[in-house]
1. Using a cut-off of 20 Å between alpha-carbon atoms, which aspartates and glutamates can reach Lys51, once sequence neighbours fewer than 8 places away in the same chain are excluded?
2. Taking every alpha carbon pair in the chain, what does the distance histogram look like in 5 angstrom bins from 0, in percent?
3. Run through every distinct alpha carbon pair of the range 52-102 and return the Kirkwood hydrodynamic radius in angstroms, one decimal place.
4. What's the exposure ranking of Val12, Val73, going from fewest to most Cβ atoms within 10 Å?
5. Place a +1 charge on the Cβ of each Lys and Arg in the chain and a -1 charge on the Cβ of each Asp and Glu, then give the dipole magnitude about the Cα centre in debye, rounded to the nearest 20.
Amino acid sequence: MPSSETTSPKPVTYDKDFQHILSHKQAKRALEIAAAGGHNVLMTGPPGCGKSLLAEPFLSILPLLSETSQFDVMSIYQLAGMTNENYQIPPFRDPHHSASAV
């Protein structure tokens, strides 16, 4: 007879948390609005101005993916032959600084 115990979902953990950023108040506000509204974000600026500092913990304020979106992410990872620990978190990509539009 199968047990009636249910397994709880794995808690979501982030490597970097948005609340730990103490500066960049205007940029943080813009990212919070973008996350709340589901908008895309493109950050530009000179090296060292904080784009990566803000972009990496941005995932911690985004809502978790729906089940349908999780299946889409799983499919893409499987087609690429890659693994992912947690499909609930939207994937984050940071192209190399020398990447061009071509």
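Read-outs: derived from the displayed coordinates by stated rules, not from any lab. Just so it is clear, the model here is predicted, and its values are computed rather than measured. Cβ atoms come from the backbone with ideal geometry, glycine included; neighbour counts cover every protein chain shown.
1. Asp15, Asp17, Glu32, Asp94
2. Taking all Cα pairs of the chain, the binned fractions are 2, 9, 18, 18, 19, 15, 10, 4, 2, 2, 1, 1, 0 percent.
3. 12.6 Å is the Kirkwood radius here.
4. Fewest-to-most Cβ neighbours within 10 Å comes out as Val12, Val73.
5. Numbers: 7 positive and 9 negative charges, 91 e Å.
Charge dipole of the chain: 440 debye, to the nearest 20.
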